[in-house]
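Q: Right, I'll just put the structure down here and ask away after.
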Amino acid sequence: MSSVCSPKIVAESLAELWSPRVVAELDDSFVKVAKLKGTLAWHSHDEQDELFYILKGRLRIEMKAGNVELAEGDTFVVPKGVQHNPVADEECLVMLIEKKSTLHTGTVQTARTRSLEEQLRPL
């Protein structure tokens, strides 16, 4: 996975919504991209922070303490242990940086949950 890529172009090419794909590795973290629309699920990552960077569109991250609205170019870190629910009213492209041990939807399993193997599939 040591090659030049454009996260935005890779995210645009994805056919599945809410199905992150690994585009790079950085020490003990993965850099992932995804195409989003609609709602994922309320979940948390008990031991890992999760960085969202908006490549295109808008994303609302719902949290018990209040929502965060992100626009293209914005970055936000959901701290470990914080319940959150990403929502994209319109199509949104995101880049995520997460530890390799981070489960897609934490301990919550939904039809949109993706395994690490699915996220590591060739592009």
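Q: If you go through segment 49-103 one residue at a time, how many are more than 16 Å from GLY38 (Cα to Cα), in contact (Cβ under 8 Å) with a residue 60 or more places away in the chain and in contact with a helix residue (DSSP H, G or I) (Cβ under 7 Å, 6 or more places away or on another chain)?
A: 1
Q: Here's another thing I want to ask about it. Return only the number of the condition from (1) of a type in the set (A, V, I, L, M); (2) modelled with pLDDT of 90 or more; (3) more than 12 Å from LEU55 (Cβ to Cβ) that VAL23 does not satisfy.
A: (3)
Q: Take the conditions more than 15 Å from LEU93 (Cα to Cα), out of contact with any Ser or Thr (no Cβ under 8 Å at 6 or more places or on another chain), aliphatic (A, V, I, L, M) and in contact (Cβ under 8 Å) with a residue 12 or more places away in the chain and apply them to ALA11. Does it pass?
A: When the stated conditions are applied, ALA11 does not pass them.
Q: Before we move on, is VAL77 touching a Leu at 6+ places or on another chain (Cβ under 6 Å), among the β-branched types (Val, Ile, Thr), over 25 Å from LEU123 (Cα atoms) and modelled with pLDDT of 95 or more?
A: Spelling it out, VAL77 is indeed touching a Leu at 6+ places or on another chain (Cβ under 6 Å), among the β-branched types (Val, Ile, Thr), over 25 Å from LEU123 (Cα atoms) and modelled with pLDDT of 95 or more.
Q: Which ones in segment 81-123 are assigned to a loop (DSSP other than H, G, I, E, B), aliphatic (A, V, I, L, M) and either on the phi > 0 side of the Ramachandran plot or surrounded by 12 or more Cβ atoms within 10 Å (Cβ to Cβ) (or both)?
A: VAL82, LEU103, VAL108, LEU120, listed by residue number.
Q: Further question on the same structure: Please go through (1) in a strand (DSSP E or B); (2) under 11 Å from the mean Cα position of the chain (by Cα) for SER19 and return the number of the only condition it doesn't satisfy.
A: (1)
Q: Please go through segment 22-56 and give me each residue that is outside any loop (DSSP other than H, G, I, E, B), under 19 Å from LYS100 (Cβ atoms) and out of contact with any strand residue (DSSP E or B) (no Cβ under 6 Å at 6 or more places or on another chain), ordered by number.
A: Scanning segment 22-56 gives GLU25, LEU26, HIS43.
The values are calculated or read from the model by the stated rules, or taken from the named source; none is laboratory data. These numbers come from a predicted model, not from an experiment. Every residue, glycine as well, gets a Cβ built from its backbone with ideal geometry; the counts of neighbours run over all protein chains shown.
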